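Read-outs: derived from the displayed coordinates by stated rules, not from any lab. The shown structure was predicted, so the numbers you read here are calculated from the model rather than taken from an experiment. Heads up, the Cβs are rebuilt from the backbone with ideal geometry, glycines too, and the neighbour counts pull from every protein chain shown.
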């Protein structure tokens, strides 16, 4: 058996029609219910919890970016903290030095990070496995150093303090809840965009390149173009997350974007499920909450608990929470209503007809 | 000119330390096809064990030997208990597990031994050589690293176990068909790597002083060095480590912006890799489709 | 003559699916037995079951030892040399290193055995320092067989040696296999889709379809059987 187990393409529940409505309609209803719940949540929680959940969503966007690269395109990046920082500093500098309103900083941050990602992706085409990891690692290490060096722009070690944005008047929302809803909106958009891209032609090309690069090239897929596209899209998403983080937290400094952040994203991605979209949210939650929980459990060696948590998650669910539970759920639903699905079940059927 | 030579030699000495940890990384990569990011923290922990022994009045070389054995066994145990359960999992899962190990070892060391910086004795006296170009300690470190390289090279090239390990790493199923106990090979690989790492840690500690965060920077440079040399090649690891050490030193001395030392050093390494994507001595495996 | 390998009611599984349903096979000592069948019939799975590479049930007896409870490495050490489907060559290692690995269980002096292998397969001698991955399909097949022989096995298990090879090369390889059987005094269990060639060389044959043995007998009997001729020999 190969060590690298082939990952299933996008997880999907393919439940047959039920109670007169089609599967697609059920999915829409489910999504709307979730969105409504998510939207109502901040009004039931304290300001600090709302802030924490906002950070979860921001991390989820960042992790989703990483998922596109690692999960769907098979390229491991240790450097996404650097792109996160790039997005954050772009937003911060625009707001601080040029007075750009907070909501207008996201598109430039996205664009700059996309370009950075493509520039990175081009030479990265030559590298595989640990070599690619090294190249991305360089990004993670370089950005804080560059931020300290160009202190004229970035405020150096002191960083930049930003005024927290005001919610629009008349809505009766305070700052934290307003920002929560803004980030939620961005998250929904980003997930939708990712889903469209990954469940379509581009996504299939990505998976083909990941699983069988030679065959993909032989089929006429422009491997270079798609790999570069994957990099650029991935860093775009993470850059957007970074920009949002700068706005929500109100402060950027080199210390906030250390190597540990890049590693956290990678861990979040793995824990959630790297070839999934929903897993990004699980990953974001993991990054935000588990270190605090670890501290509660043991204040003598909290990071050991965090490390242990990583190990346990990987043993229990090596493909991540959504990566493992998704297909399992699909299989159980299949038992309610037998339908053809992709991936895992193919092997079973092959076995019987042998 | 004198300063340049001095910086080069000093770079070689720190490079030798990177090289020795890089050897451990290459060892595990050859044996198990993965990068053990926790190699540095394991080395640090081994060094603390040696430190405990030395503090208990055990003579230095005895402490070193005991540490080697304990590290070897510990490495085997970690492979068996921590890594084996996920050997068929996606690569990323093993990456995350090694990262988890980093946190666990670091945190445990801090908890057991505290974060206070400690002294650590060196077996080599610290006398200047060649008109203060380098010290006897530097020479000792380089000599030890080269000795480990020679032993490792001979092991892989000339012994049956070494060949079996390479086979087990490349194609475990075929290796089993040849009667090779793949599990045991993996364990031996990790054990040897841990022992090499322990040696690296013991050489670092007198210079950087012993504390739980001692090996963090070393690991990053060792990783870069191993890849620069070619992650499958022990000779490459040493050459890569030395080059990284010298580059780091020269960049740090002659570049005006010392805060960018790491950035520039890495940029140079990556530049080389662009032309040699498998490292200087690495070989791409020919794959017929 | 007692069979050197016996399978009794052996079942084999791919994951949760049972793909071989309780078969009985015997390989005579010193003889060549061939397992025929179409794609997906269960031939490879049977071989993998013998060597412990898939989950199995039933009795597998080799020279008095029960194999069904042993690991692949142990089985190799007992004297069963399996050349798997796809050859299983170590493509990153040299030809010589591949051969040395074959001799791993036999201890420290592979030199003589290697010379003998070069005698059977001169092309390997010419390429001994090259990376195995650079060899052609036929050469890799020869290397795989040579590696198996380095184990000084009592039983040689070959999984579709003709796969993907040109007919001329296939003939060469089969000639060598027959020669090896005689000179090395090794029993051979052969799985093949190329039925006519296999039946020419073998003593006994089994026909397996969807995991069950449907016919067995001497190779000549199977070759003469009109149904088999129609289905598998094409005339």
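Scaling the Cα radius of gyration of chain C by the globular reference 2.2 N^0.38 Å produces a ratio of 0.97. Convex hull volume per residue, computed on the Cα atoms of chain A, equals 165 Å³. At an R0 of 60 angstrom, the distance between the Cβ atoms of residue C:61 and residue A:260 translates into a FRET efficiency of 0.55. Rounded to the nearest 10 degrees, the inclination of helix C:111-120 to the longest alpha-carbon principal axis of chain C is 60 degrees.
Relative contact order, percent, of region B:2-275 when contacts are C-alpha pairs under 8 Å separated by at least 6 residues? Answer for region B:2-275 is 40 percent. To test your reading of the geometry: what angle, between 0 and 90 degrees and rounded to tens, separates the Cα axis of helix C:167-184 from the longest principal axis of chain C? Approximately 90 degrees, to the nearest ten. In this simple spin-label model, placing a label point 7 Å from the Cα along the Cα-to-Cβ direction at both residue A:299 and residue B:275 gives a separation of 5.6 nm.
In peptide A:144-155, what is the residue-averaged number of other protein chain Cβ atoms found within 10 Å of each Cβ? Provide the component values of the computation, followed by the final result.
Working: counts 3, 8, 4, 1, 3, 5, 2, 1, 0, 0, 0, 0.
If you average over the peptide's residues, the count of other-chain Cβ atoms is 2.
Per residue, the average separation of C-alpha pairs within less than 8 Å and at least 6 apart gives chain A a relative contact order of 32 percent.
Against chain A, whose longest principal axis is taken from its Cα atoms, helix A:80-98 shows a tilt of about 40°.
Inter-label distance, residue A:185 to residue B:65: 7.3 nm, where each label sits 7 Å from its Cα along the C-beta direction.
Note on residue B:255 and residue A:25: the model spin-label points, each 7 Å out from Cα along the C-beta direction, lie 6.3 nm apart.
Order of C:48, C:154 from fewest to most other C-beta atoms within 10 Å?
Values: C:48 23, C:154 19.
Going from sparsest to densest Cβ surroundings: C:154, C:48.
As a size descriptor, the averaged projected area of the C-alpha convex hull of the protein assembly as shown was calculated at 42.4 nm². Applying Stokes-Einstein at 10 °C and 1.306 mPa s to the Kirkwood radius of region B:2-275, computed over alpha-carbon pairs, gives a translational diffusion coefficient of 84 µm² s⁻¹.
Over region C:18-95, the hull volume per residue, using the convex hull of the C-alpha atoms, is 134 Å³. Per the Debye formula on identical point scatterers at the alpha carbon atoms of region A:160-260, with no solvent, log10 I(q)/I(0) at q = 0.12, 0.13, 0.23, 0.25 Å⁻¹ is -0.60, -0.66, -1.16, -1.26.
Sorted on the mean count of surrounding Cβ atoms within 10 Å across their residues, most packed first, peptides A:211-221, B:161-171, B:78-88 read B:161-171, B:78-88, A:211-221. Projected onto planes of every orientation and averaged, the convex hull of the alpha-carbon atoms in region B:46-95 covers 3.9 nm². Relative to the 2.2 N^0.38 Å rule of thumb, region B:132-238 has a C-alpha radius of gyration ratio of 1.25.
Can you give the FRET efficiency for residue B:267 and residue A:224, using 1/(1 + (r/R0)^6), R0 = 22 Å, r = Cβ-Cβ distance, to the nearest 0.05? Show your work: numbers first, answer last.
Numbers: r = 23 Å, r/R0 = 1.03.
E(calc), rounded to 0.05, equals 0.45.
Beta-bridge orientation, the protein assembly as shown: approximately 60 percent antiparallel, per DSSP, counting only bridges with both partners inside. For region A:126-153, the residues whose backbone nitrogen is under 15 Å from a point 7 Å from the Cα of residue A:97, taken along Cα to Cβ, are A:146-153. With contacts taken as Cα pairs under 8 Å at a separation of at least 6 residues, chain C carries a relative contact order of 27 percent. Protection proxy ranking for B:118-126, C:124-132, using the average of other Cβ atoms within 10 Å per residue and placing the highest first: C:124-132, B:118-126.
Taken over region B:1-144, the convex hull of the Cα atoms encloses 138 Å³ per residue.
Coordinate range of the alpha-carbon atoms in region A:40-178 per principal axis, descending: 54, 37, 23 Å. Taking the square roots of five times each eigenvalue of the Cα gyration tensor of region C:77-148, the equivalent ellipsoid has semi-axes of 17, 14, 11 Å, listed largest first.
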